[in-house]
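Notes for the one structure printed next.
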Amino acid sequence: MRSIRILQGFVLVCILLVPILIFLFLKSFGTNTYDIPVFYEKGVDNPFQECPIADTTQHYIPEFSFTNQVGDEVGRSDMEGKITIVDFFFTSCPSICPKMSAEMERVNDMFRDDDRVHIMSISIDPQFDTPEVLQEYAEEHGAKAGKWDFLTGGVQETYDLAKCGFIIPTIDGLGIPDDFAHSDKFMLIDELGRIRGYYSGTSREDVDLLMLETKVLLHASEGN
């Protein structure tokens, strides 16, 4: 008899817990718990002293201004209040760039009609990649200036921006395509200018993740 009472008490407790568990489940289900990291919240390491003395506070993309494929000046100010997706490339690249540009086309197609998303592809061979060369390349990839900007600027400024602004390795090939070296990463930058993600531009799965996390940031900005 005693064991039956214990069993009945246990069943009663379970019955009473069911509404609480359902409430907790629904509450967690209705909350966006997808967390996208913020990179370099305590500054950026500078082991080779290539960049200005590192700060120990949140790293933001620094000021810059380059020329796009139609001759307009585009830079840091154009990133304000937008989600920006950035990569470094060059039009004569014999290796990874064609794959990266094809994947960026998918990103462009996904957010073509959303003015809150801006794409920047920055040339690491600015001496060859003039606005005229970039315009031809942009047309090949269905890019519209102001939405997907192909940018060219000063050589030193470009490499400093890559290494110290976006924190990716880049090596000048001095005009020889096979000697240029750059990261295959697409960078996701939030509306405050913080780096939120790095994704391989040669991996379809990584680019799918980039597009998903861009949507998450867009949704989060709607709630602010």
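Every number in this text was worked out from the coordinates using simple rules, so none of it is lab data. Note that the structure is predicted; figures quoted are calculated from it, not measured.
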So if I restrict to the alpha-carbon atoms in region 65-224, what is the Rg, and what is Dmax, the biggest pairwise distance, in Å? 14.5, 48
For residue 185, the lysines lying under 21 Å Cα to Cα, once residues fewer than eight places off in the same chain are dropped, come out as 82, 99, 147, 163, 215
Given the convex hull over the Cα atoms of region 79-155, what projected area results after averaging over all orientations, in nm²? 4.9
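Does region 51-115 classify as rounded, prolate or oblate by the C-alpha gyration tensor (a ≥ b ≥ c root eigenvalues; a/c under 1.5 gives rounded; else a/b over b/c gives prolate, otherwise oblate)?
Prolate, since a/c reaches 1.5 and a/b exceeds b/c.
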